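Here's the structure we're looking at; comments come further down.
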Amino acid sequence: MLKCTDLEPILSVRHVTKRFGGLVALQDVSLDVSPGEVHAVVGENGAGKSTLMGVLAGFIVPEEGMAVSGASQIRFGEPLTMRNLGLSMVHQHFTLVPRFTVAENFALSSGAPVISRHMAHEVAKEAKAMAGDLGWSLDTDETVGSLSVGRRQRVEILKALLGGRKILVLDEPTAVLSPNEVEDLFDVLRRLKERGTAVVLIAHKLREVFSIADRVTVLRSGRAVGSCLVEDTSSTIVAEQMVGPRSSEPGPRASLESGEICLNVESIVVLGDQGNVAIDGVTLTVREGEIVGIGGVDGNGQVELAEALSGIRPIQSGKVTCASSVGYIPQDRRHDALALNLSVRDNLSVGMLRGPRANRGPFLNSALLGSLAQELIRTHQIKVVRDSLPVSSLSGGNQQKVVVARVLSQNPKLLVAVNPTRGLDFSATESVHEKIRVAAAGGAGVVLISTDTDELDALATQTRFLSRGRLTGSLLGDS
């Protein structure tokens, strides 16, 4: 157990155990939330982090355990009680209404049975004052759907803090942010901490944890294996607590040996969803065995470029010539890559339906597809109780593993991947990176579009940057 230092908590959960059928999601877990402290909760995908936060927020009722605030014991499963205690949670997937204005979203979060214009105005006024206090600008008349991801997150955080909330729970808040937006968020968390707000931060990137957190609790397979002050530990110790000893040897880079051209893009123009020019005259060549990285801040045409290269989005002018088989790992797994109500097996099997043995006349070969799905679950270490459960029952990281496993199982000659490790812990990230390297070593050309500069440094044989729909720069990786 890591060294632990006691602080006076404002909220505690003690000896919590939660089961989902035969899966033990949490086993005898305790957590203290203290004022003026950023408390990071880390662990692999499926370690129990989101379940613990659900218990803390009152959304999930455990079989065992207790919650305490001061001298009072609190009943589990009562979100309103936790809200009245000053706790609010910002989920990884935002809970905003895109067609509503910022002000309307603030008013909706108040829980009032009737929302009047006057009430929306007053709530928006409070939110504007709070935003100014935190150093943010805020236009409450804008529709949420028109905001960037980073600005939407600001709205979510302000919404969570309205009404004087003193405990802020953040579930993977940096997963969709650019490096500048991450630093902006951390500046705000430091200000909140100085004012006595308690912040519980679910995180994957240990570099970020050691940049912002005061305390870290490590979960592994549903158990708390350590809790201590950040200053009393190291990223190596925490990493080993999460997954065991790690090899420090980096994976090999893809070879820079020239292969056949598998993608040739000539001066393409691509429109966005609103009819704007999202990609403006991009030219790009990718050869077999190359991993061409494309960096930049989200919203500069990354998704439109990926969809154009994958044949999903039409091009207005120019020319794209690519390999016969293209694999696409989209940025938004929940909306663009998964059928959430279908089973894990069905989601994995979609990529196998064109195989020569997938059909028996007019019928699917269910036994074979089930066997192949099980093999992918094993090789990609997807944590699932049964493959017949809906894919929505998996953690976000394991959902991403399903997408990656399905795409790579088809052995594409060209792989287009957009932030393929977003939301994954570092162990799963390394696994995906290794599979991308193997695909490139096997002769696939890879276009890796990522906002994570560390990911580009680790994988890309050359890196360019996308800004306002144009590619700039060319930085060769180390061979």
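Computed quantities for the displayed model
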read-out	value
Filtered residues of the stretch 76-92 (kept if over 13 Å from L11 (Cβ atoms) and either in a strand (DSSP E or B) or not aliphatic (A, V, I, L, M) (or both))	G77, E78, P79, V90, H91, Q92
Hits in the stretch 405-450 (condition: outside any helix (DSSP H, G or I) and touching a Pro at 6+ places or on another chain (Cβ under 8 Å))	V418, A444, L448, S450
In the stretch 25-35, the residues that are part of a strand (DSSP E or B) and crowded, with 16+ Cβ neighbours inside 10 Å	A25, L26, Q27, V29, L31, D32, V33
Any hit, the stretch 65-75, residues being surrounded by fewer than 19 Cβ atoms within 10 Å (Cβ to Cβ), of a type outside the set (K, R) and assigned to a helix (DSSP H, G or I)	no
Of residues in the stretch 141-171 being β-branched (V, I, T) and buried (at least 18 other Cβ atoms within 10 Å of the Cβ), the one farthest from the chain's Cα centre (by Cα)	I167
Condition met for A254 (modelled with pLDDT under 95, among the small types (G, A, S), more than 30 Å from E63 (Cα to Cα) and part of a strand (DSSP E or B))	no
Matching entry among A441, A460 (being buried (at least 20 other Cβ atoms within 10 Å of the Cβ), among the hydrophobic types (A, V, I, L, M, F, W, C) and out of contact with any helix residue (DSSP H, G or I) (no Cβ under 6 Å at 6 or more places or on another chain))	A460
Restricting the stretch 337-384 to residues that are at pLDDT 90 or above and of a type in the set (V, I, T), the residue that is surrounded by the fewest Cβ atoms within 10 Å (Cβ to Cβ)	I377
Odd one out for T174 among (1) surrounded by 20 or more Cβ atoms within 10 Å (Cβ to Cβ); (2) of a type outside the set (G, A, S); (3) not in a loop (DSSP other than H, G, I, E, B)	(3)
Where a residue in the stretch 217-242 is without any contact (Cβ under 8 Å) to a residue 24 or more places away in the chain and on the phi > 0 side of the Ramachandran plot and its partner, wherever it lies, is assigned to a loop (DSSP other than H, G, I, E, B) and surrounded by fewer than 22 Cβ atoms within 10 Å (Cβ to Cβ), with Cβ under 8 Å and at least six apart	none
Check on A40, aliphatic (A, V, I, L, M) and part of a helix (DSSP H, G or I)	no
Among (1) out of contact with any Pro (no Cβ under 8 Å at 6 or more places or on another chain); (2) touching a residue at least 40 places away in the same chain (Cβ under 8 Å); (3) crowded, with 17+ Cβ neighbours inside 10 Å, the one test that G54 misses	(2)
Residues (at pLDDT 80 or above, under 27 Å from the mean Cα position of the chain (by Cα) and loosely packed, with under 14 Cβ neighbours inside 10 Å) located in the stretch 1-24	F20
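One line per residue, one yes/no per condition, for (1) in a helix (DSSP H, G or I); (2) of a type outside the set (F, W, Y); (3) in contact with a helix residue (DSSP H, G or I) (Cβ under 8 Å, 6 or more places away or on another chain):
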| position | (1), (2), (3) |
| --- | --- |
| V97 | no, yes, yes |
| A107 | yes, yes, yes |
| A120 | yes, yes, yes |
| A160 | yes, yes, no |
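Every residue, every condition in (1) at pLDDT 90 or above; (2) basic (K, R); (3) under 28 Å from G145 (Cα atoms), yes or no:
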| residue | (1), (2), (3) |
| --- | --- |
| P62 | yes, no, no |
| F76 | no, no, no |
| P79 | no, no, yes |
| R83 | no, yes, yes |
| L87 | yes, no, yes |
| H93 | no, no, yes |
| E104 | no, no, yes |
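Table: residues versus (1) touching a residue at least 24 places away in the same chain (Cβ under 8 Å); (2) more than 19 Å from R195 (Cβ to Cβ).
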site: F76; (1), (2): no, yes
site: L85; (1), (2): yes, no
site: L108; (1), (2): no, yes
site: A120; (1), (2): no, yes
site: D141; (1), (2): yes, yes
site: V155; (1), (2): yes, yes
site: A160; (1), (2): yes, no
site: S178; (1), (2): yes, yes
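The values are calculated or read from the model by the stated rules, or taken from the named source; none is laboratory data. Fair warning: this is a prediction, and the values are worked out from it, not measured in the lab. All Cβ positions, even for glycine, are placed from backbone atoms using ideal geometry, and neighbour counts span all protein chains on display.
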